[in-house]
Each structure stands twice: as C-alpha cells, then as structure tokens.
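Enquirer: Take a look at this one; I'll ask things after.
Rule-based calculations on the coordinates, nothing more; no lab input. Since the structure is predicted, the reported quantities are computational estimates derived from the model, not experimental observations. Cβ sites come from the backbone with ideal geometry, for glycine too, and all protein chains shown count toward neighbours.
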Amino acid sequence: MSEQPGPGTAPGTAPDGVSAVLRALTPTDALAWALRPASRNPGHLSYAWAVVSEEELAAVAGFSPPRVPTAVGGLCEVFAVPGRHGKPRLQREESGRPFTSSFAVFYLPASSTWRTVRRSSVLSSDTMALYVREADEQEWPRQMGRRWQEFDADGSLLPLPTASDFAIVEVAGTAVGVQVDTSGAVALGWSLRREVRGADRRWDVELHLRREPGEALRLVQEAGLLT
C-alpha cells in the first residue's frame with residue numbers, strides 16, 4: 001500500500017469523506033500481478049504455510065490472532081505460520097523458545113481442502129487472506145501491488161504515475177491503506193500494537209478479499225480488527 005501517501009490520501013476524513021475517497025479510486029490490474037497464483041508474493045495461498053491450531057498460533061505469536069468473525073459464515077477458518085512441506089518453520093529465542101514474527105489466517109470455501117486452495121488466489125475465488133507480520137522500518141500502510149515502472153529513451157527511470165487505485169483513509173483513528181483491482185479484489189493494510197515477549201511491538205496487517213472497498217472497511221471495523 002504508497003511508500004508516501006499520494007493525492008488520494010485522506011487522513012482525518014469523516015465517514016462521508018472516506019466514502020468520497022473510495023468512490024474516486026480507479027481499479028487497475030496492479031493487485032492482479034501481485035496476487036496471481038504463480039507469484040511468490042504473499043497475497044495468495046501458494047506461499048509456503050503450515051497449518052496450526054489457534055492455540056498453537058497464539059503461543060508462538062505471543063498474542064491472540066485477529067479474526068474476521070462476521071465473515072466466517074460458509075467459510076472455513078485456517079490458521080497458519082510459515083512452513084515447508086506442511087511443517088512449521090519457527091524462529092528461536094536465545095532460550096530456545098519458538099516464536100514467529102509472521103502468520104496468516106485464511107478464510108476458505110468450506111467445500112475445498114487446504115491442499116486444493118493453497119494455490120488459489122483471492123482474485124478468482126471466495127477466499128480471504130489475513131496476513132500479520134512484525135513491523136520493520138518501512139512506512140505502512142503502503143501499496144500491495146505496483147504497476148511496472150517505465151524507462152525513458154535514455155534509459156533513465158520515468159516517475160511512477162499517481163496511484164489512482166490506492167488511498168489512505170482514517171477509520172476510527174487508524175490509518176488504513178485501500179487498494180482496488182479490476183478483478184474485484186481489495187487489499188486493506190493497517191497496523192496493530194501488541195505487547196509481545198515483554199515489549200510493545202507494532203504489527204502490520206494486510207487483508208485481501210473480494211468486496212467493495214466500503215464494505216471491506218466496514219467489515220474490519222465492525223470486527224474490531226483495527227485496534
């Protein structure tokens with residue numbers, strides 16, 4: 001979601017102002033490039049994940065994972081940590097205690113299995129993907145997908161065009177990045193603060209789903225995911 005908020009940014013706007021910003025967004029195929037199943041970007045399910053229980057995830061993350069309870073109807077909730085061949089690949093503290101600095105919560109069609117959907121994408125199915133990772137120094141939220149940068153005749157990089165498909169709005173005091181795609185997919189990004197391993201830490205969140213952007217924002221707000 002943009003390294004620096006562009007003209008579409010609307011910090012501090014009231015609900016009506018947020019709606020106006022969302023209506024002004026122009027979908028592109030930038031998310032499609034980032035979320036396509038052949039990609040190794042984290043917007044789809046073909047990235048290597050290992051399924052764990054909610055209790056196991058809370059133990060290695062250090063806090064209860066955010067969830068989308070209003071969206072579970074008809075979908076199957078799956079908790080996952082980075083893994084390989086179905087086995088978790090966890091980090092270790094000096095004491096040897098396992099932990100993870102990233103995890104995911106997937107909402108998958110109940111008729112599917114993990115084996116069949118892990119190579120699918122929110123672009124082509126009724127799938128949601130909620131990704132959480134410990135924040136780094138990058139500004140957040142920022143664009144999930146970007147269009148290819150073009151070169152001038154002399155080989156120099158041309159400036160990136162204004163991201164008409166992306167904006168940052170403020171919802172209930174939280175900055176939320178919103179990016180829309182021609183496929184109907186939406187990417188939302190925001191940050192949470194949680195005390196983990198004795199320290200207050202920031203966690204960056206991405207939610208990928210197929211919803212209208214206003215509906216997607218209402219979903220995360222009503223689910224209490226922004227705090």
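Enquirer: Using amide H atoms built in the peptide plane, which far-off residues or other-chain residues are under 5 Å from Cys76 H to H?
Expert: Those qualifying (amide H under 5 Å, at least 5 residues apart or on another chain) are Leu108, Ala110.
Enquirer: Please give the FRET efficiency for Ser164 paired with Ala199, using the beta carbon to beta carbon distance and R0 = 35 Å, rounded to the nearest 0.05.
Expert: 0.35
Enquirer: So, one more: Determine the shape class of segment 88-144: with a ≥ b ≥ c the square roots of the Cα gyration tensor eigenvalues, call it rounded for a/c under 1.5, and otherwise prolate if a/b is greater than b/c, oblate otherwise.
Expert: Numbers: a/c = 3.74, a/b = 1.46, b/c = 2.56.
Taking the square roots of the gyration eigenvalues as a ≥ b ≥ c, segment 88-144 is oblate.
Enquirer: Same structure again: Starting from the Cα of Thr26, step 7 Å along the direction of its Cβ; do the same at Glu137; then give the gap between the two resulting points in nm.
Expert: For the pair Thr26/Glu137, the computed spacing is 3.5 nm.
Enquirer: If you plug each phi of segment 44-55 into the Karplus form 6.51 cos²θ - 1.76 cosθ + 1.60 with θ = phi - 60°, what whole-Hz ³J(HN,Hα) values come out, in order, with x for Gly and Pro?
Expert: Result, ordered by residue: 9, 9, 7, 5, 6, 10, 10, 6, 9, 7, 4, 5 Hz.
Enquirer: Take peptides 165-172, 96-103, 213-220 and line them up by average Cβ neighbours within 10 Å, highest first, as a rough protection proxy.
Expert: Packing proxy ranking, top to bottom: 165-172, 213-220, 96-103.
Enquirer: Then there's this: Among 205-211, 89-95, 48-54, how do they line up by average Cβ neighbours within 10 Å per residue, starting with the highest?
Expert: On the way: 205-211: 22.3, 89-95: 10.0, 48-54: 16.4.
Going by the mean number of other Cβ atoms within 10 Å, highest first, we get 205-211, 48-54, 89-95.
Enquirer: Packing-wise, with mean Cβ within 10 Å as the measure, how do 107-118, 181-192 rank, highest first?
Expert: 181-192, 107-118
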